[in-house]
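Enquirer: Structure provided below as structure tokens; questions to follow.
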Amino acid sequence: MSVTAFVIVSVIKIVIAILVLLTAVAYTVWLERKVVGHIQNRWGPTRVGPFGLLQPLADGLKFVFKEDLVPPHVYKPLYIVAPMIALIFALTSISVIPVGNWVTVRGFSTPLQITDVNIGLLVILGVTSLGVYGVALAGWSSNSKYSLLGGLRASAQMVSYEVALGLSLVGVLITAGSFSLREIVDAQGGTFWGFIPRWNIFQGQIVAFFIYLTAAYAETNRVPFDLPEAETELVAGYHTEYSSMKFAMFFMAEYANMITVACLASLLFLGGWHGPLFGPPILQAILPVFWFLLRVFIFLFIYIWVRGTLPRFRYDQLMAFGWKFLLPVAIANLVITALIVALKS
Amino acid sequence: MLHLTLFSIFGLICVAGAINLLVQRHPINSALSLVVVMGSLAAEYLLLGAEFVAAIQVIVYAGAVMVLFIFVIMLLNAGEEERTRGSRVAVLFGVPGMLIGSLLVAWVLVEHSGTQAVAPGALPGPPKTIGWLLFHDYLLPFEITSVLVLIAIMGAVVLASPPQSIQQKREG
């Protein structure tokens, strides 16, 4: 493929990915409000549009029209930059996430992924590590005790659970033999005995899946690990002093992180886009995307379900759990997986 | 050509970040400039073809070590540096003098050391190669480094723990 064709195709993919991601972020908020509402035996948003489907649009307009207050006591440069950092790194990880097989349109063959680097998983881990800066700097630059405490707690929690997250993924890497997300998914094709799919969760990584799930909840600051933003504890934690669009950016960053984590779990543990394929070629190109989105939706639903059900951890319980339980279990999982793979080959 | 352009751009960003680190008065701005330096170094590693090292540079250095630096600065609430009354003549002659001196030293060293430019892709890039090197050829240094980090962790725990022996002596 020539350079111009490659550039044009990449730009089209980037535009589609960003639009889909931002719409998905908005509608994940809607999904959360509806599901948590039903769990709590009430309707969620129902008035704005059918089933409240236009609620995210109304929320967006509200955020745009609200007064964008910059309190006088904040450290302005970092106060303005911090939500940008959080949102930029939350949106960047979509660039290496594959959603389907290669498609061929009018002779141009392209993977359904913005770019397939051979260290794709490390790129996502690196971008997640850099996202901690948004939270830490927001908490500090707000110059208020609630914000500082919330920011420090949130960033300490994120850094601690990144370790367990990374280690739980190493088992998957050993099984698949590559960092590239496309190759990891391709290694999960086929079935055992004809009907059990060869997903990583059935290939012995079930403990790693649950470690990943728990560490992901802590990474994205969601219940039961959402002490840094609990209203009863710290007013609003690191985003206390933020209003309108900057607050909306933190909000979007949190939901974009949730979606990234859900996509990663689907790719690494649940088989990516593998599923029954049938029908004409155009359907066969779209069906993998549908299976992938189904898995992501199920994962997000579990996220929201847990949010509506569990109470939150106290901060010291949270840190003790991360370092004293999750990390040793992740290391044990790594050792056992490595032993099994080494003895097999 | 593109390679040289990208190298120069990231090199300039790196040097600008380093100079900004020294010039800024507030320590948090210096720490963030250091993060920029780490990031541009990762880009340089990518240009050399060492993609695993670049990713690990971002994850470990920029994403963990510098976060801890920033924690310390935030917790200690170190304010802006105080300015002392320096000498303008020193700055006027000193900074260009330092630049010329260091350029001379660098030029002499490069000319007489027999090194050549590294072609992109000459260094081991894929994680598989690095893993093989780390666990076969360089296993002993790797294990000794991990013992070193363990010693540092133990030292930090001892230094940060409250002085219990004094309290126990007081309580009899």
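Since every read-out is calculated from the coordinates, none of them should be taken as a lab result. Small disclaimer: the values here were computed from a predicted structure and weren't measured. Cβ atoms come from the backbone with ideal geometry, glycine included; neighbour counts cover every protein chain shown.
Enquirer: Give me a single rounded figure for B:50-58: the average over its residues of other chain Cβ atoms within 10 Å of their Cβ.
Expert: 4
Enquirer: First measure r as the distance between the Cβ atoms of residue A:41 and residue B:148, then evaluate 1/(1 + (r/R0)^6) with R0 = 56 Å and state the FRET efficiency to the nearest 0.05.
Expert: 0.45
Enquirer: Give the shape of chain B as rounded, prolate or oblate, defined through the alpha-carbon gyration tensor: a ≥ b ≥ c are the square roots of its eigenvalues, a/c under 1.5 means rounded, and otherwise the shape is prolate if a/b is larger than b/c and oblate if not.
Expert: In terms of gyration-tensor shape, oblate.
Enquirer: Two decimals, Cα atoms only, Kirkwood Rh: what is Rg/Rh over chain A?
Expert: 0.98
Enquirer: Something else now. Cα gyration tensor of segment B:71-145, axes a ≥ b ≥ c as square roots of the eigenvalues: rounded (a/c below 1.5), prolate (a/b > b/c) or oblate?
Expert: oblate
Enquirer: Explain nothing, just compute: Karplus ³J(HN,Hα) = 6.51 cos²θ - 1.76 cosθ + 1.60, θ = phi - 60°, for every residue of segment A:282-293 in order, whole Hz, x for Gly and Pro.
Expert: My calculation for segment A:282-293 gives 5, 5, 5, 7, 8, 4, x, 4, 5, 5, 5, 5 Hz in order.
Enquirer: Moving to a separate point now. Taking DSSP loops as anything outside H, G, I, E and B, show the longest stretch in chain A free of chymotrypsin sites (Phe, Trp or Tyr not before Pro) there with at most 13 other beta carbons within 10 Å.
Expert: Answer from the scan: A:44-192.
Enquirer: Could you give the radius of gyration (one decimal) and Dmax (whole number) of the Cα atoms in segment A:50-110, in Å?
Expert: Considering segment A:50-110 through its Cα atoms, Rg and Dmax are 19.5, 59 Å.
Enquirer: Return B:130, A:18 ranked ascending by Cβ neighbour count within 10 Å, so the fewest neighbours appear first.
Expert: Placing the least packed residue first, the sequence is A:18, B:130.
Enquirer: Hey, what do the phi angles of segment A:199-211 turn into as Karplus ³J(HN,Hα) couplings, whole Hz, using 6.51/-1.76/1.60 and θ = phi - 60°, x for Gly and Pro?
Expert: 6, 5, 5, 8, 8, x, 9, 5, 5, 4, 4, 6, 5
Enquirer: Just to confirm a number: summing +1 for Lys and Arg and -1 for Asp and Glu over residues other than residue A:77 whose beta-carbon lies under 14 angstrom from that of residue A:77, what do you get?
Expert: That works out to +2.
Enquirer: Using a Förster radius of 30 Å, what is the FRET efficiency between residue A:19 and residue B:12 based on their Cβ-Cβ separation? Nearest 0.05, please.
Expert: Calculated transfer efficiency: 0.30.
Enquirer: A further question on this structure: Taking trypsin sites (Lys or Arg not before Pro) as exposed when DSSP calls them loop (any state but H, G, I, E, B) and at most 10 other Cβ atoms lie within 10 Å, what is the longest stretch of chain B free of them, the sites themselves excluded?
Expert: With trypsin sites (Lys or Arg not before Pro) excluded where exposed in loops, chain B gives B:86-172 as its longest stretch.
Enquirer: Checking the cross-link filter: which lysines have an alpha carbon closer than 30 Å to that of residue A:344, excluding same-chain neighbours under 8 positions apart?
Expert: Partners found: B:128.
Enquirer: Determine the distance separating the Cα centre of segment A:54-118 from the Cα centre of segment A:307-339; give it in Å without decimals.
Expert: 29 Å
Enquirer: Testing the spin-label approximation: label points 7 Å from Cα along Cα→Cβ at residue B:75 and residue A:244. State their distance in nm.
Expert: 3.7 nm
Enquirer: Sketch the reach of a paramagnetic label on residue B:136 as a point 7 Å from Cα along Cα-to-Cβ, and name the residues of segment A:320-345 whose backbone nitrogen lies under 17 Å away.
Expert: Hits in segment A:320-345 for residue B:136 at 17 Å: A:342, A:345.
Enquirer: Using only atoms on other chains, find how many Cβ atoms lie within 10 Å of each Cβ of peptide A:135-145 and report the average.
Expert: 2
Enquirer: Could I ask something else about it? Given the Cα atoms of segment B:11-75, and with Rh set as the inverse mean 1/r over their pairs in the Kirkwood sense, what is Rg to Rh to two decimals?
Expert: Expressed as Rg/Rh, it is 1.02.
Enquirer: Also, quick follow-up: Per-residue ellipticity at 222 nm for the protein assembly as shown, helices alone: DSSP H runs ≥ 4 residues times -39500 (n - 2.57), over residue total, nearest 500 deg cm²/dmol?
Expert: For the protein assembly as shown, the value works out to -22500 deg cm²/dmol.
Enquirer: Let me ask something else. Could you work out the relative contact order of segment A:2-109? I mean the mean sequence separation of Cα pairs under 8 Å and 6+ apart, divided by the number of residues, in percent.
Expert: 19 percent
Enquirer: Looking only at other chains, what is the average number of their beta-carbon atoms within 10 angstrom of each beta-carbon in A:114-127?
Expert: Across A:114-127, the average partner-chain Cβ count within 10 Å equals 4.
Enquirer: Below 8 Å, C-alpha to C-alpha, sequence gap of six or more: please give me the relative contact order for segment A:71-344 in percent.
Expert: 25 percent
Enquirer: Would you work out which of A:80, A:11, A:43 lies farthest towards the positive end of the dipole of the protein assembly as shown? Charges go on Cβ: Lys and Arg +1, Asp and Glu -1.
Expert: Result: A:43.
Enquirer: Another question, if that's okay. Send over the per residue convex hull volume for segment A:1-143, Cα only, as a whole number of Å³.
Expert: Each residue corresponds to 192 Å³ of Cα convex hull volume.
Enquirer: Which whole-Hz ³J(HN,Hα) couplings does segment A:255-269 yield from phi under the Karplus relation 6.51 cos²θ - 1.76 cosθ + 1.60, θ = phi - 60°, glycine and proline marked x?
Expert: 3J(HN,Hα) across segment A:255-269, in whole Hz: 6, 5, 4, 4, 5, 4, 5, 5, 4, 5, 5, 5, 6, 8, 10.
Enquirer: Sorted from fewest to most neighbouring beta carbons within 10 Å, what does the list B:74, B:98 look like?
Expert: B:98, B:74
Enquirer: Based on the alpha-carbon gyration tensor of segment A:1-75 and its eigenvalue square roots a ≥ b ≥ c, which shape applies: rounded if a/c is under 1.5, prolate if not and a/b is larger than b/c, or oblate?
Expert: Taking the square roots of the gyration eigenvalues as a ≥ b ≥ c, segment A:1-75 is oblate.
Enquirer: Mind putting a number on the dipole of chain A about its Cα centre? Charges go on the C-beta only, +1 for Lys and Arg and -1 for Asp and Glu, and I need it in Debye to the nearest 20.
Expert: Taking the Cα centre of chain A as origin, the dipole is about 400 debye.
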